[in-house]
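**Student:** Got a structure here, written out as structure tokens. Questions coming.
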Amino acid sequence: MIGRKALPAEYREWNAYWGAPYGREEAAALEVADRLEGFDRVDPHAFGPFAFQLTSDTRVFEYPWAYHTMEAKPGMRVLDVGAGLSGLQFVLAMEGCEVTNVDPSAKNGEWGSLSAAMWGLTPHNHQRMNDAFGVDVRLIPETVQDADLPEGTFDRALCLSVLEHLDQADARGILERVAALLAPDGLFLVTVDLFFDVKPFGVLPANSYGGNIDVHQAVSGLGLELVYGDPRELLGFPEFDLERVVELVPDLLVSPRYPCASQALVLRKPAGGAR
Amino acid sequence: MIGRAPLQDEYLEWNRTWGAPYGRGPSAMVSFRRRLEKVDPDAYGPFAFQAQRGLKTFQYPWAYFTAGVRPGMRVMLSGEGLGGFQFVLAMNGLQVVNVDPTAAGEPARAHARINRAFGTDVRLVTDLSEAAALEQGSFDRVFLLSTLDHLGERAGRAVLESSAALLAPGGLCLITADLLLHLRPLGVLPEGPAERNVDLRRLTDGLGLELAHGDPRELYGFPEFDRGRVVEMLPEMFVGPFYPSVSQTAVLGKPG
């Protein structure tokens, strides 16, 4: 499916409760860079766990969708790929999950054109978030392909708005590795931005944020089952229906700051392991 | 015409000199709030006080060099907010009026602080009745830089009619209008949340102004506009790094 503008009530309530995705009202007077710089002088709880990272507007849908769809339970092992300083990892940890965030941008504190001051993901900042919220999310500053993690051990994996920033081969590489890390019967929740300025919707081959990856190619043959997601709304699937998506645009959550929407899908590893 | 990449050397040099369009290097590590609390003209430069989508990298130097401004000229900008271009013109000895109804309140107080810091005297007009009282036929240049694409057709036409009336005989109206690549006729979406691809022919027709600069094949709405050619030439065009758009440019002259 593609995220809709009209969010279910439980999504709206969840966003309101956690201050997702921009941080709570108390944080609004400060820009993200100032919140991080003044971390020791502000009240992180008043600001909420989502206040410390610049975020795409499609996260209004993505975070509550991921939370409610993944059905995390205390004690579950959760892998969050490319989570930066986003609040969801800390929320899941506060609810008793054992969370690992694998993000190579933590090596240099930079992401794309965003400077360290704006992006903010450094091991130091991440630890400050852990300390502030009383949790112990593990940060691995590597690609998930390079991270030394035990295979078949994660009950849930998340990869939210990451793949569109990569080329098709890198995206596939991440998915293959996560498929191996997932435990039998584990769920892998993925969102992928769909850019309206990039082909097949627009005239550009790619934009400065990335491109429209072929979701079907990326997820096929991994030994995972598509258990959630409408193939008519997932680019690359034979059922993908461009005209239908265009017709649906008024109902879709399109970011006001960049013309994109959010494709969402869930892959499940069969209980007997990958086939 | 539509702005091309790479930028000409004189445009790059102008941007370097003024720290356009994002502000000088040191400002990158400081939030807008802090930049505005304590305006540091040397460290930040005049362009550090308003967020930009990126096309201004081309538009500001294009406007500066195309306008042929000279000290003493009277110029008006529409919807320039806290943008640095107005202060650069003032530092170059021009009399500058910025008409921006959206800049009332705190932005106006910030505008005053920037004026003081740079030793300029840009007049900010936020009140529409005050704008209506500006002397007609008195401005040598009018700048509408990425203003029209944020207005509806009626409001855009009103701004242009008012600009035409304010221009002195022989004066020039410099226009940039973002051409958004995700919106029709280039993309599939009809319009964005706060912008649209405006019909430039309809907006500028019958104002008593002449098209002095601009390639109608690259101005949406003109009968000569050639979508296929624009798409083909995209690799040569300056595409906004933070929003999918290119910059149409036109200069309208008021007969002397």
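**Student:** Out of all the residues in the stretch A:232-241, which are outside any loop (DSSP other than H, G, I, E, B) and more than 20 Å from the chain's Cα centre (by Cα)?
**Tutor:** A:Arg232
**Student:** Among A:Ser86, A:Ser56, which is under 12 Å from the mean Cα position of the chain (by Cα), of a type in the set (Ser, Thr, Tyr) and within 14 Å of chain B (Cβ to nearest Cβ)?
**Tutor:** Exactly one of A:Ser86, A:Ser56 is under 12 Å from the mean Cα position of the chain (by Cα), of a type in the set (Ser, Thr, Tyr) and within 14 Å of chain B (Cβ to nearest Cβ), namely A:Ser56.
**Student:** Among B:Phe87, B:Phe58, which is the only one that is within 30 Å of B:Pro216 (Cα to Cα), assigned to a helix (DSSP H, G or I), more than 14 Å from every other protein chain (Cβ to nearest Cβ) and aromatic (Phe, Trp, Tyr)?
**Tutor:** Criteria check complete, one pass: B:Phe58.
**Student:** Is it fair to say B:Val246 is under 30 Å from B:Met73 (Cα atoms) and within 14 Å of chain A (Cβ to nearest Cβ)?
**Tutor:** yes
**Student:** Taking the stated definitions as given, is A:Arg35 within 14 Å of another protein chain (Cβ to nearest Cβ), open to solvent by 10 Å² or more (accessible area, probe 1.4 Å) and of a type in the set (D, E, K, R)?
**Tutor:** Against the criterion (within 14 Å of another protein chain (Cβ to nearest Cβ), open to solvent by 10 Å² or more (accessible area, probe 1.4 Å) and of a type in the set (D, E, K, R)), A:Arg35 qualifies.
**Student:** Could you list, in sequence order, the residues of the stretch B:56-67 that are of a type outside the set (Ser, Thr, Tyr), open to solvent by 20 Å² or more (accessible area, probe 1.4 Å) and touching a residue at least 60 places away in the same chain (Cβ under 8 Å)?
**Tutor:** B:Lys56
**Student:** Right, something else. I'm trying to understand the selection: among the residues of the stretch A:87-126, which are among the polar types (S, T, N, Q) and modelled with pLDDT of 95 or more?
**Tutor:** Correct list: A:Gln89, A:Thr100, A:Asn101.
**Student:** Ok, one more. Restricted to the stretch B:9-28, and to residues that are within 14 Å of chain A (Cβ to nearest Cβ) and open to solvent by less than 30 Å² (accessible area, probe 1.4 Å), which residue is modelled with the highest pLDDT?
**Tutor:** Of everything passing the filter in the stretch B:9-28, B:Gly23 is modelled with the highest pLDDT.
**Student:** Still on this structure, I have one more. Just a yes or no: is a residue in the stretch A:143-156 surrounded by fewer than 16 Cβ atoms within 10 Å (Cβ to Cβ) and touching a residue at least 60 places away in the same chain (Cβ under 8 Å)?
**Tutor:** Checked the stretch A:143-156: at least one residue is surrounded by fewer than 16 Cβ atoms within 10 Å (Cβ to Cβ) and touching a residue at least 60 places away in the same chain (Cβ under 8 Å).
**Student:** Something else about it: So, in the stretch B:29-55, exactly how many residues are open to solvent by less than 50 Å² (accessible area, probe 1.4 Å), over 26 Å from A:Tyr209 (Cα atoms) and within 14 Å of another protein chain (Cβ to nearest Cβ)?
**Tutor:** The number of residues fulfilling the criteria is 2.
**Student:** Quick one: in the stretch B:241-256, of everything that is open to solvent by 40 Å² or more (accessible area, probe 1.4 Å) and either in a helix (DSSP H, G or I) or modelled with pLDDT of 95 or more (or both), which residue is farthest from B:Pro21 (Cα to Cα)?
**Tutor:** Within the stretch B:241-256, the match that is farthest from B:Pro21 (Cα to Cα) is B:Pro255.
**Student:** Also: Among the residues in the stretch A:251-272, are any part of a helix (DSSP H, G or I), within 14 Å of chain B (Cβ to nearest Cβ) and not hydroxyl-bearing (Ser, Thr, Tyr)?
**Tutor:** Taking every residue of the stretch A:251-272 in turn, at least one turns out to be part of a helix (DSSP H, G or I), within 14 Å of chain B (Cβ to nearest Cβ) and not hydroxyl-bearing (Ser, Thr, Tyr).
**Student:** Of the conditions (1) open to solvent by 30 Å² or more (accessible area, probe 1.4 Å); (2) more than 15 Å from A:Thr58 (Cα to Cα); (3) in contact with a strand residue (DSSP E or B) (Cβ under 7 Å, 6 or more places away or on another chain), A:Glu247 fails just one. Which one is it?
**Tutor:** (3)
**Student:** Sort through A:Ala179, A:Ala206, A:Ala218 and tell me the only one that's free of Cβ contacts under 8 Å to residues at least 12 places away in the same chain and either within 9 Å of chain B (Cβ to nearest Cβ) or among the small types (Gly, Ala, Ser) (or both).
**Tutor:** Checking each option against the conditions leaves just A:Ala206.
**Student:** With within 14 Å of chain B (Cβ to nearest Cβ), touching a helix residue (DSSP H, G or I) at 6+ places or on another chain (Cβ under 6 Å) and free of Cβ contacts under 8 Å to residues at least 12 places away in the same chain as the only criterion, which of A:Asp241, A:Asp193 stands out?
**Tutor:** Unique residue meeting the criteria: A:Asp241.
**Student:** Another one. Give me the pairs, please: first residue somewhere in the stretch A:111-131 and of a type outside the set (Asp, Glu) and open to solvent by less than 20 Å² (accessible area, probe 1.4 Å), second residue anywhere and assigned to a helix (DSSP H, G or I) and at pLDDT 90 or above, beta-carbon distance under 7 Å, and either six or more positions apart or on two chains.
**Tutor:** A:Met129/A:Phe90
The values are calculated or read from the model by the stated rules, or taken from the named source; none is laboratory data. Nothing here was measured: the structure is a model prediction, and the numbers come from that model. Positions of Cβ are backbone-derived with ideal geometry, glycine not excepted, and every protein chain shown enters the neighbour counts. Keep in mind that these areas ignore ligands, DNA and RNA; they rest on the heavy atoms of the full protein, side chains included. Shrake-Rupley method; radii C 1.70, N 1.55, O 1.52, S 1.80 Å.
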